[in-house]
Every structure is written in C-alpha cells, then in structure tokens.
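Reading through the structure tokens given below for one structure.
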C-alpha cells in the first residue's frame, strides 16, 4: 500500500529495461528481413505437388513425374474448397507402373487455402505436401494467387530439403509399396501362367 | 431516439426473476450522451460495438451489438464432413485453438464411440494447459492494456506466449491454427526433444507469473481501478450460464475438469481457486492463480507421460458416417465451458452442429455489470470478461 | 497614452462587444476571454505585473473555463432558435448604466484625491503581500470569509439537489 | 575558461548583437533568445519522442524504432515530414476558426512559459519579479486551448476528452500552485532566478536544494504528482485515454495541427519539468560543490532530461486512474498534504536551525502521509486479498 506497489512495479520495469540489453531470454525479437530463423520441420504454409525427377516414365520433367493420379479426394475433403482438379482423358503409368489418370488441371487458390494440411493427410499417394515458403506476395490479387500445377510442382529433392525426416519416411514407404506391388505382379503373373498351364493340362 | 425507446421497450419485456439491477432512470432523456463504442473503437477486441448512453460519464444503458465477425461457422460445418470442420474450430477462439480442437474431437469421439490412446490424452492435457496459461497471460495483458498501461504487461505476456507458440509450431506446424487433434488421438507424435523443450519452458513459466505479480499484484492504481468494479453476483452468474474463471471469481465452484474429469484430468492434483467478490480484481487474480495451477498440472503430466501410440490405429480419419444420434462434448476451455453439440442422421455430414461458446454467454451479463459505472470502467469490465470475437460471432 | 494602449483598449472593447453580440454562446465566452486578456495586457502595460498575471491566472485560467464549463453542462452551446437577446433588455440596460455610474463616480473621486504622479511607482510583489496582510488585512479576511461561505452554500445546495434526486430514484 | 564555457551562450548573444546599432540591441537580443528557445525545444521534442519510443520498447522487451537512420534516430524527421505533408482534415461540422486557433494557442502559451525559466547562470529571457506567477498564468491559459480543441471538433469523444482534460487541469492547478508556494514562502521571492540563487549554496560539498528538506521533499512529491496530471501523462493520461476515448480532445486533428498538439504536450512537459528543477532541484546548480566547474546549463538540461526519463518510466509501468479517482486523489490526498506542507514550511522557518526541526517536520509529514493514505485505502476498501481453493 501507500505507493510501494507502484515502486515494486517500477523496479520490475527497470529490471526489464536493462535486462533487454543483456538477456536474449527477454529480447525475443527477430529483425525479420535481415535475420531469419529456420522454419521448423513441421512448419506448413501452402500445399505443393511432389514429382519424382528420376521417375518411372523415364522423363526428368515435372509433368511426367507428378505423383498425383487425380483421384480428387483432396478436392472433396478440402474444407474451404480451394482445390480444383480436372481429370485427364488418357492414362499414364504411375510410380508403381500401373496405368493411372493424371491431373490435366490442378489449381490451388492460395488466397482461399487455410493451410490446414487435410489434403496432405487424406492423400493416399503421397502426392501433395506442405511447403514452407511464405514470401508469396504478388501484385496480382486474383491471378497471382491462383497457382496452377506447374507452379505447384516441386521436386522430391525439394521435399527432402524442407521436411527431411518426413520425406525419408515417405520414400521408404513408397519403396516398400513398390516392392509389394512388383511381388504382387509377379505372383499374379505366376498364377496366370500356372492357370494357363493348368488349363492346358 | 427511436432506437433508445425501442431498447427500453425491450428492457421492460425482460422476464421476471432475471434479477436485473434496477434500470437506472436518467434524470432527463434529452441530456443523455449516446456514444457508439465500436466496431472500430480501440478497446473492443476487434469488431464489437456497444451502444452506450451516458449521463455525464455514468453508463445509463448499454446495448452490446455483435455479429460483425459472423462467418457462418455452424452452418458451414453442417455442409461438410466431420474432419473438415476441425480446422475451422481453430478459428473460433483463435487465442486458444487447441482447446477448441479438443472439445470438438471429444464431441465426435462420443458420437462414434471412439477411444483415445493414453499418450494422446497426455499430449492433449499438456497442450491444453499450455493454452490455458498463454490465454490467461494475454487476457490479463489486454486487461491492463485497457487500463492504460501502455502495453507493458501485454508485451511480457506475449513474450511468454511466444515461447509456447514456438512449441506449438514445432509440434503441429502452425502457431495458432494448429489443427492438431483427430477423432481418436492426435495428428502427430511429440518427439522426446519436444518434450524436453516443453519441460524447459514450463520450468520458466512460474518465474514469469512471479514477474507479473511483482509488476501488478500490489499496484495501488490497479487495486483502485479493479476492486469493487463490475461486480457479478453468483446468482446472476449461475442464472446467466456464465462459466470459467468469471464464474469462479464470483465464488461458484464449477470447473469441468473436476466435474466431468474428461480425458485424464482426474489423475492430476490441482486446486480450483475461488474469488469472494466477483469483481474485476477477482477475475484478474483467479486467472493468475489458475496459471499457477496449470503449471502444476503441466509438471505432473510431463513427468508421467509414457511412450505409445498417439492415434488409435483402428480410427478412421475421413469418411465418418456415425450412427444416427446426438452427442455433447464439453471441456473447461480457458474462457469457460466450451461445448460442441452434434446430431448425426447417419450421413457424412453432421445434421446439426452447434457450438456453446463461453465468450458469447459470458458476454451476456455485460450490461448488468456495467450499469451505473463510469464509462472508463466499461472497457475494463469488458476486458475482464475475456472474449474473442471469433468465438462470439462465429 | 501610447499607441499600445489604444490597440489594447480596442482589443478589450472589441472582445466585450463580441461577447454580447455573437450568437453562439461558446463563441461569446471565448470573446469574453479575449476581453479579459486585453485587460490583463493593459495592466501589464501599466507595469502592474502582479495584477496583470493574476488577471490571466484567475480570469482566463479559471473564470473563463468555468463559464464554458457551465455553458456545456447546461447544454447551452446550441444557438437558441428564437434569438439570443433577452426580452428584459431594458432592465439590463438600466442596471448596467447604474453600475457604470457608480464606477465612474468612484474613479472620478479617487482621481481627485490622488496626487498626479508622473513617475510610475515600482510596486514589488512583496510590497503587495505586506500591504494585503498588513494594512488591508481586514478587508482581505472579510472577502475570504464571504467567499468561503459562498462556497459552502453552493456545496450545500448541490448536496440537497443530489439527495433529492436519489430519493426520487429510489421511489 | 570555465566561466567562458558557462556563459558561452550569453557571450555568443552579446557578440552577435554587438554588430547592430545600439538602439536595436535590446530588441535583437530578445529576438535571438526567443529564436534559440523556439528552435531548441522542438529539437529536444524530436529527440525525446525517439528516446521515449525506444525506452518504452526496452521496458517492454522490444527493440523500438530501428529502421530510419542509425538505430532509428532519424525517425522523428520521417514523422515530421509525414505530418507536414498529410492532408489537414477539418470535420465538416467543426467550428473552423476555433478548430484552427486551438493548437496555435496551445503552442504559444506553452512556449511562453520558457520566458522566465533560468536555464543556466544569467540565462533567462526575462527576469520577472513575478516570474512564478507569470509561469502559472501561462499554464492556466493552455487549458482554454484544450477546451477549444475539444469543443470545436464536434465529436463526442473529443468533447468528453476536453471536459476531462479541463476538469483535471483545473483540479491539479491548485496543488501545483500550493506545492510551489512553499518554495516562495521560504525564499521570499516569486522570481525564479532568486529561487535558484537561494539553493546554490553548499555545506560539506552537498547542495542546499529544497528537495533535501522535509517540506521540500513532500512539496516535490506533490509537485511531481500535479505536473504529471497537468501534462496529461500516465498514470493521469485520461484525457487521451485511447482505450476509452480514442485520442481525447485531439481525435479530430490530423496532419500538422495534430503535430502541434503533440509538440505542445511535450514542450509543456519540458517546461514544467524545468520549473520543477528550478523550484526543488536547484535549477542550474551543480549537485556537488566540486562539480561547479561544469557549465550550469549542462546541469539544468541533465536534470530536465532525468525528469523526462522518469515520466517515460512511469508511463511504461503504471495503469491509468479513473476520472473520479483522479479527482478524489487531488482533493482528498494531494490538496490536504499541500496545505499541511504549507504549515510545515512555516514551522521550519520559525523553528530556527538545529536537528529538532528536521525531526518534527519529517514526523508530521510522514504521519500525515501514512494516515491519509491508509485512511483513504481503508475507506474505499482497497487492499490485497487472499483466495480460497476448492479441493
């Protein structure tokens, strides 16, 4: 009472005033454009489409390497409905060698996207992942923020760069699936030949 | 003028037994100064408006006007899958998204009868209590800011909040819009490194509470401004459905963590602080004391957490089609009882989706607390209610 | 009589006239302040520092503010529609003339009594103080008591009004 | 050499004036001094804004302005250019003439106060016999400017802010005057130069500043409270309490007129701190007798900046009072203490030298402080509380 609470408070602010010159605990400010902190591995901003640069189709370009098979699950699950996919008419072989559709159009309106990561979670093909790039300002409010599949396509190496642990896990999982699929193909092939042989016999 | 009259007509229509303080009759209607505080007034926490009628600087009438931030949350949720509403709940009370996630997850888990693994429960408690801590700290900061302390306590609160938000970002990928919980667990597991960092942050939190106490607890100006101001009587608080620290500051022992013991809260030792006066000072102090109790819970949870799965492997993430029925999941959110009420008709979308937002319901007693006080106290009382407009307007 | 005197006199008179003639009451009050300021400057022009500064402190700093406060509190700041001139202007004129006559008489009387001095007497604040608590202590005390009783009276009246209102509210 | 340093500005003025014909010299000298004051204090204002922002930022663990120039020190220049080039908006329903006059009147009256402040040995513009009275007369006139600004804007927030400001300034004018009167009582003069001279003595190397006496200390505390209120600084910044009244009486001002209000506020702060320095902190006299070789104006300005620093520090710490509490505080605490202090000062004067008067005077003031403070806290039922827990 009688002003000692005020004096206590003043002492506290003085402590902070001088403390901010010495203790990094107190002065947490990062002067952004000059200083940057590396984003956390889990950080997420907007989605991108992964392509394998050394891919099954033999090509090295982004278009043939896209993992996306235009299944449209993400389009359906996207809460703000910012994804637009147009399925292709023809089919191309996918990472496992199976013939699949591919996205003729894949647009994400990042002015609508709310970075919720649900598209990533529901994708069964590990084709869509979250980017950590956040300096995306543009002068064109509508067109500039509507990304098409070319702008969205980023290589698997890039994915490794921004989310190393997660990408390694995904690669391992994909490789396992590939082996399984090949085995299945072999088994079915063997079964087929056996059946043919059986029929012949 | 006509609006004023229509408002007094509404007042007259109030049901009996509402226990409203006798409406203050101005000496002369023509001499009232009507001020529309908001929606772009500096102290309305966003877009909230109060139509205040003043006699001098005394409040004669106060009409809260909200809805400026209405985003159609409930109707949107009825038009999309159960999962797709989860990120939207982050945006209700955007100061504490984790607890919103939790309440919604709880409701859906009840609806579909889903169990949650133990580690996920611990993670929920840890994140929930961290959220409570940072919410209380910043709400006190805002309160003192409204008292005119040029933001110093707010900045201290934000300095601590930064450390907690960094933990959130490391674990969930986002500082505020975490979208972390799923029906049957949590989205990602916490690494041992994250738990260590959390322990370190938690160890520093009590020091921050001490600093806050040192700065403000015995400040004479703070006492003069807050003691005896905006008294909320327990009967009115209970009748109006007020919950959370506001209710406990009025002396009513009601904490859903104790009442329901949802999750694993009955495993932890913690106390529920209660106020005796129900004024702004009590609300401030109750929040301070709850922050310390949160540290207690955090210490226990961080000590006891065991490795294990964070997600029930049998749980479906997408394509939920609950059996027809209803469920109400509620938790003790930092601001009060946050509940989600869901009705399923067997389809992929909820048939009815309803949020019980503590902010809105606590705000309904604003006029009762503000009648007859000085206009400067209105912003103070308003600040002590601790609302987030995203939750009020939805 | 220098040119400065004429400028100040013109300012004072103009302020006084504006205070009477303007339509907006707050403008009138502000014009009155100009008249007060002119008067204070006249005192200073006569080398009467104490009187001049006291005039500013009391009249501009307090009286003028009280006047505008009173205007605002009684909601008089809006210009009345039926004109600002009082209907009982004749009586007002008579009173003003009477006051003027008394003042003029006093001034003339004192001018006759006082010896005509050309040199301005240097009066320090200390001398004023000594005179106030020495030779003129009785008038000073009488005025002080009068003002204090007026103050107490005002407070009592205000308290009565407030209590009355509260009783009405309770009913 | 030391004397030259001390008197450098006086000598400079004399030297410059000596080029003119003798008839013009007095007028030119005055003009030169006025020009110096009018240039110096806005410059100090610019510097203070940046110090205030950086100081507040550090108190709040932030960095503060750091983009314009080295460490952000050119920030006020940028702010100045901005406010000069911004559109001057006058609300349609505002009273244009009064709206224009208000900031001008404020700045003029605020600058007038410097005329009687001795900023160093022989450095006073006019050594008036009634200097203190002049100062307060000017201070009182600035209230009118605040009222004019608030009323002419035709904005409810402005009007409320102006009413608050004027009520507050009138209420605190009384303790301000009464707390200064003790100094006049002891010195026996209203002239500020004489007041400084009276404090410019040393015993055992320590100065005879009035703050080092019981009545002087109490007077200084009351003066500090009253000045904080008078200059509308935190914790008495209700007239512009942004959380309630947006910006108070200058809500409807923009561009350069707003900058004038801002300037007026800070310059008022300087001048009232300067007066406090003069009255209680020995003005331009050195704090120790062995430091008297340092030029007197350096002491004046360092004391001034010290008080500005305390203003900033308080702003960074304290929440704001409420209007009725502010008034209660003025009339029920500060005013009685000031009146008591008057009596104590008289007692001090007539008790003669010796330790007895120190004990008696300190005891009276201390008892009154504790008694009044505790009584008031108890009457309003304020105090720390304990809380119960439900298990």
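Each reported figure results from applying straightforward, stated rules to the coordinates on display, with no laboratory input. Only a predicted model underlies this, so the values are computations on that prediction, with no experimental measurement involved. Cβ atoms come from the backbone with ideal geometry, glycine included; neighbour counts cover every protein chain shown.
Calculated FRET efficiency, residue A:137 to residue A:173, Cβ-Cβ distance, R0 = 35 Å: about 0.50 to the nearest 0.05. Each peptide in B:319-331, D:306-318 was scored by the mean count of other Cβ atoms within 10 Å over its residues; highest first, the order is D:306-318, B:319-331. Highest average first, the peptides D:73-82, D:252-261, D:341-350, B:138-147 ordered by how many other beta carbon atoms sit within 10 Å of their residues are B:138-147, D:252-261, D:341-350, D:73-82. Express the relative contact order of chain B as a whole percentage, based on alpha carbon pairs under 8 Å and six or more residues apart in sequence. Answer for chain B is 26 percent.
Pair-distance distribution of the stretch D:304-368: all C-alpha pairs, bin width 5 Å, starting at 0; shares per bin in whole percent are 4, 14, 15, 13, 15, 17, 13, 7, 2. Pairwise alpha-carbon distances in the stretch C:1-79 exceed 23 Å for 24% of all pairs. With the helix formula -39500 (n - 2.57) applied to DSSP H stretches of n ≥ 4, the protein assembly as shown reaches a computed 222 nm mean residue ellipticity of -18000 deg cm²/dmol. When the Cα convex hull of the stretch B:272-344 is projected onto planes of every orientation, the mean area is 7.9 nm². Shape analysis of the stretch B:102-189 based on the Cα gyration tensor places the equivalent ellipsoid semi-axes at 31, 14, 9 Å, largest first. Taking every Cα-Cα distance in the stretch B:166-250 and sorting them into 5 Å bins starting at zero, the pair-distance distribution P(r) comes out as 3, 11, 11, 11, 12, 13, 15, 14, 8, 2 percent. Taking the C-alpha atoms only, the angle from helix A:164-200 to the longest principal axis of chain A is near 10 degrees.
For the protein assembly as shown, what is the Kirkwood hydrodynamic radius in Å, using each pair of distinct C-alpha atoms? Result for the protein assembly as shown, one decimal place: 35.0 Å. Averaging 1/r over every pair of different alpha carbons in the stretch D:15-135 and inverting the result gives a Kirkwood radius of 18.1 Å. The value obtained for the stretch D:184-288, namely the Cα convex hull volume divided by the number of residues, is 121 Å³ per residue. Scaled against 2.2 N^0.38 Å for its residue count N, the alpha carbon radius of gyration of the stretch D:86-377 is 1.05.
In terms of other Cβ atoms within 10 Å, A:29, D:213, D:203 run from fewest to most in the order D:203, A:29, D:213.
Take each residue in B:267-279, count the other chain C-beta atoms within 10 Å of its C-beta, and the mean is 2. Neighbouring Cβ atoms from other chains, within 10 Å of the Cβ of residues in D:56-69, number 6 on average. Which angle between 0 and 90 degrees, to the nearest 10, do you get for helix B:192-212 versus the longest principal axis of chain B when only C-alpha atoms count? Once rounded, one gets 20 degrees.
The residues D:265, D:376, B:115, when put in order of fewest to most other Cβ atoms within 10 Å, stand as B:115, D:376, D:265.
Separation of the stretch A:146-178 and the stretch A:124-143, taken as the distance between their Cα centroids, equals 14 angstrom. Extents of the stretch A:47-188, taken as max minus min of Cα coordinates on every principal axis and listed largest first, are 54, 35, 28 Å. Across peptide D:296-309, the mean count of Cβ atoms from other chains lying within 10 Å of each residue's own Cβ comes to 0. For the stretch B:324-348 versus the stretch D:348-380, the spacing of their alpha-carbon centroids is 65 Å.
Seen against the Cα atoms of chain A and their longest principal axis, helix A:4-22 is set at about 50 degrees.
One way to sum up the overall shape of the stretch B:73-392 is the equivalent ellipsoid from its Cα gyration tensor, whose semi-axes run 32, 23, 16 Å, largest first.
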